[in-house]
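What follows is a set of notes on a single structure, which appears directly below.
Please treat every number below as a calculation from the coordinates, not as lab data. Keep in mind it's a predicted model, so treat the numbers as computed, not measured. Cβ atoms come from the backbone with ideal geometry, glycine included; neighbour counts cover every protein chain shown.
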Amino acid sequence: MTWAVILPLAGALLSVLLARHAARIALGTVLATLAVDAALARAVALGGPIEHQVGGWPPPLGIRLVADGPAVLFLLLAGVVYLASTAYAARFFDRPNGARSGSPVGPGRFESAVGPASSASAVGRAGAIPHVPATRTSPRTPAGFWPVWLFLLAALDGLFLTSDLFNMYVALELLTLAGVALVAMTHDRAGTQAAIRYLLVAMVASLFFLLGISLLYAEFGVLDLEGLGEAIAPGRITAVAIPLVLLGLAVKLAIFPFHFWLPPAYGATLTPVCAVLSALAIKGPFFVLIRLVPGPFAAVIPPAIGTLIGGLALGGIVWGSLRALQQPRLKLLIAYSSVAQVGYLFLALSLALADPTGPALRGGIFFALSHGLAKAAMFLAAGAIIRSFGHDRIADLRAPQRGSHLATTALALAAVGLMGFPASGGFIGKWLIGEAAALAGRPLALAGIVGGGLLAALYLFRVLRQAFVAPDPAAGVVRAPAALEWPAFLLAVLSVLLGVASAPVLGLLP
Amino acid sequence: MSWNASLPALTLLSSLVPGLFIFGLGEERRGARTALNMAGATVKVGLVAWIARGLLGGETYTTRIPLGAGMELLLRADNLSVLFALLSSILWFVSTVYAIGYLEGSPNRSRFFGFYSVCVSATVGVAFAGNLFTFVFFYEVLALSTYPLVVHRGTRAALRAGRTYLAYTLFGSAVLLTGVLWLQALAGPVEFRPGGALPAAVLDGGGELLVIFLLLVAGMGVKAAIVPLHGWLPVAMIAPAPVSALLHAVAVVKAGAFGLVRLVHDVFGPSGIIEIGAFPILPAIATATILWGSIRALSQTRLKRLLAYSTVSQLSYVALGTSLLGPTAAIGGLAHLVHQGLMKITLFFCAGNLAETLGIHDLDEMDGVGRRMPWTMTAFTVCALGMIGVPPVAGFVSKWTLAVGGIEAGQPWVVAVLVASALLNAGYFLPVLHRVWFRPPAPLPYERDRARGEDVVPPAVGHRSVFGRRIETSWLLLLPTLTTAILALGAGLFANAPFSPLTWARFVLAGGGP
């Protein structure tokens, strides 16, 4: 079990030592980690949850690692998304020999590109190789990218396996630091600003979380979740500590109205980083929430907090969707969509508090898994499309399939998942959460779930309709490299398959 | 999984798998695409026919795919689903032939045929759905997968129509989903059962049940184009003719009407409808739709728009027949589900032939066109008369049965509605027929434009020769048109034959075999 953490850490170290082969090392590491995850998932599916005491010390002295259904599912999600994103990133950055990415689509296309609309691109024309804008060429691999990239995976895997409050804090902190470092690797002003904002917000959130768990530890003397569940009792300290912990996690999860740091961070970031952050990094704090809220906190959370969470969730769904509807750029649209989708997760959480035996928690977890696959696929596909157009202005992305057929397909499939339409995993998640809302007699939550799907359709079809518009003859389009398209496509296909093969996944959930 | 248990799933896959392969084919692979399409369509018709034969022999066909607690994909062939599946798969076969001819040489054909197949697969899923979860599942797939077909041409007008279509259809899906989740919260997972699936304790819920019923009716009603949820249908006629055929006959509106039948007979049940006090609502909506659609059709100047409003009106015969809760009326409604499909697909094929061969879209360009395209216009005439209810075309049979059923159910006003509607139908179809056969031929639109000195290209599909004789249009367009017209005529002439739609509708209501 510890291999899921040790492998990426070792890979990170190795990629520092052998920097020339870092991309290959990363790919190998991620593959091996995924194999470990799969073996662990198989063992859990067959034999139930597995516990491991690090160093053989039992709690409260030692650290307990627990691989149960949700843990292995999130491990698998991380493994799969990482595999696709790593393969993608390996091609995304410039190759050592400086080969140019992309070839023009059709011989005659670039003749028409020399027009008033693209005079800038005509300036640098040299010989047979057409000049392409900066976004169309591969950026250099930022210094230290691969070690940090693998470090993030180690932090995630550690978070999913731990069963101890302080370890959760440490893993969350490492996750944040790695995430900030990756965002900062854009080398431009917007990226640096976004990274600093991300860092400050996440640090404040961490402080809240740390303060909360410190109070709990001072009061009850345990950090292990199982032990805390037995020891915890209502009281003044608990009444302060729990809101602090929840607030810290909510900010890290970018719940409305604490979402302001997320869209700029994603909008400015390199595409593979976007995919990993949106699909996995925000699932970290969510995972902590599903460990704590239906777990040790369940008995002591005042109902008002559940209602508050539900209200914020609805606010997030509506606000995130409305903002996504206004975004002129593809990456920002997808980023705001995350704000809306996080709303679903919180809605599920609030319903799970109201009715712990209902399907809400299963729905929330399933939705999180489906969202992880679909959102990563969408960012990767967007990256391929951006590479072929050289920009991400939605209005000008006409007939994107011309430059990247598979990526456009991936975008459409992922969109079905984010809207929560069948046969995608998003539909199953939406159905379960909706079922929970109906069972709990919460018409507002039901309307939020169903209406959220409609809103998602509204903003996503702004992009999808472009696939049916006649292509703009003046736009120079290069073909996106296949290595950028396939990872997006395969992830998108997985996000749809999750909807028709949901039985084994749901079988692993409580 | 045994052979019988896998048949419904195989029927669904018989169009889905070729469709997925077609997506991957290059644009120039015309032969492979056609082979995949026709193989899928043939296998599908064969499988549904096999299932129909088996049902008569008392076999059962049920596929169950569990997706999680309370979520089960249940595909089950019963008499009602086979009626719809058979209609849909036969018309898919015919309209695929037509679409191959129609779209010859136009761009994005792989995308078109891919989504066409997905739509038909979703329709079969709707037909075979054995519980509400499965129904919603495929209903939503259908809602999404038709969008690419509506906007296929990619013009500004097509995209605008697509937006309207999406707004209506996604709204319908959302309302349906809400209603179903709410209902299942009260009643648990609902599996369709003839006579009603809801236990008496749930039906006592009163007002809440009525609201749920209205939500479900609204959800289905968007696809079934009942007033005031019909606005998308006339707008969507901008799409190519094979898409109109799909919307009006093969899949979409039929799925809505079929859903209403399921809702009334297999979810709430006639007694349940009366118990929750919903009885007068559906007949009233259906009547209003029948009349309003026809009245709107009177003032149309474009042929396809006229046909679209005619669908709005005609489709509510199905709703009316179902909602009267009497067996004979329901038989009439179900038979009309098939009859209307056969007649309407013919009319849209004819409109497509006119548009592709002669460039005719407006009614006032149709003067004397019967002389240029006698075969097409004969098919048109047969089905237009059938829509009015002239014997012996199929439309007469279903309307007659409906009227008898109305009297039987103690609702004699139905006869008045039918007569009024027939008069209105005559009011908009007969002037067209008069133009076609009795007016002197007018110059074609492109000839007229040329005479004005504009540089226009004649329509794409020219006259073709078969056995050395010139025929009026491509045989790929003419053959499907004549086939469905003959089927519509046959369904009326041989209404009491063993496999006619009317006979099958009787099986559905009788339950079990013949």
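The Cα atoms of the stretch B:248-326 define a convex hull whose projected area, averaged across directions, is 5.2 nm². Inter-part distance, the stretch B:241-272 to the stretch A:275-315, computed on C-alpha centroids, equals 41 Å. For the pair A:Ala395 and A:Ala231, a Förster radius of 51 Å applied to the C-beta separation gives a FRET efficiency near 0.30, rounded to the nearest 0.05. Once you sort the root eigenvalues of the Cα gyration tensor of the protein assembly as shown as a ≥ b ≥ c, which label holds: rounded (a/c under 1.5), prolate (a/b larger than b/c) or oblate (the other case)? It is oblate, given that a/c is not under 1.5 and a/b is not larger than b/c. All other residues with a Cβ under 14 Å from the Cβ of A:Val36 taken together, and with Lys, Arg as +1 and Asp, Glu as -1, what is their net charge? Cβ neighbours under 14 Å give a net charge of -1. The residues packed around B:Val253, meaning those with a beta-carbon under 13 Å from its beta-carbon, carry a net charge of +3 if Lys and Arg are +1 and Asp and Glu are -1. Could you tell me whether the stretch B:70-128 comes out rounded, prolate or oblate from its Cα gyration tensor? Rule is a ≥ b ≥ c as square roots of the eigenvalues, rounded for a/c under 1.5, then prolate if a/b exceeds b/c, otherwise oblate. Oblate is the answer for the stretch B:70-128, as a/c is 1.5 or above yet b/c matches or exceeds a/b.
Here the translational diffusion coefficient of the stretch A:258-391 follows from Stokes-Einstein with Rh set to the Kirkwood radius across Cα pairs; for 4 °C and 1.567 mPa s it amounts to 84 µm²/s. In chain A, Cα pairs under 8 Å separated by at least six residues give a relative contact order of 17 percent. If the segment from B:Arg302 to B:His434 were pulled out straight at 0.36 nm per residue, it would be longer than the present Cα-Cα gap by 45.9 nm. Sorting A:Ser424, A:Ser15 by the number of Cβ atoms found within 10 Å of their own Cβ, with the fewest placed first, yields A:Ser15, A:Ser424. Computed on the stretch A:4-89, the Cα convex hull volume stands at 96 Å³ per residue.
State the Cα centre-to-centre distance between the stretch A:191-263 and the stretch B:15-89 in whole Å. Comparing the Cα centres of the stretch A:191-263 and the stretch B:15-89, I get a distance of 53 Å. Measuring r between the beta carbons of B:Ala442 and A:Gln326 and using R0 = 45 Å, the FRET efficiency lands at 0.35.
Counting neighbouring Cβ atoms within 10 Å and putting the fewest first, the residues B:Arg53, A:Arg479 line up as B:Arg53, A:Arg479. Return a whole-number percent for the relative contact order of the stretch A:272-399, with Cα pairs under 8 Å and 6 or more residues apart as the contact set. 33 percent.
B:Arg452 to B:Ile486: FRET efficiency via 1/(1 + (r/R0)^6), r the Cβ-Cβ distance, R0 41 Å, to the nearest 0.05? About 0.50, to the nearest 0.05. Among B:Trp92, A:Trp261, sorting on how many other beta-carbon atoms sit within 10 Å of each Cβ, with the fewest leading, yields A:Trp261, B:Trp92. Explain nothing, just the number: relative contact order of the stretch B:193-306, from Cα pairs under 8 Å at least 6 residues apart, as a whole percent. For the stretch B:193-306, the relative contact order is 41 percent. Would you mind classifying the stretch A:257-329 by shape? Square roots of the alpha carbon gyration tensor eigenvalues, ordered a ≥ b ≥ c; an a/c under 1.5 is rounded, otherwise it is prolate if a/b is larger than b/c and oblate if not. Verdict is oblate for the stretch A:257-329. Each label was represented as a point 7 Å from its Cα along the Cα-to-Cβ direction; for B:Arg371 and A:Leu497 these points are 6.4 nm apart.
On a 0 to 90° scale, report how tilted helix A:405-419 is relative to the longest principal axis of chain A, with both axes built from alpha carbons and the result rounded to the nearest 10. For A:405-419 against chain A, the angle is about 30 degrees. Computed from Cα atoms, the angle from the helix A:189-220 axis to the main principal axis of chain A rounds to 10 degrees.
Against chain B, whose longest principal axis is taken from its Cα atoms, helix B:501-510 shows a tilt of about 10°.
Placing a pseudo-label 7 Å from each Cα along the Cα-to-Cβ vector at B:Val211 and A:Tyr217 gives an inter-label distance of 5.0 nm.
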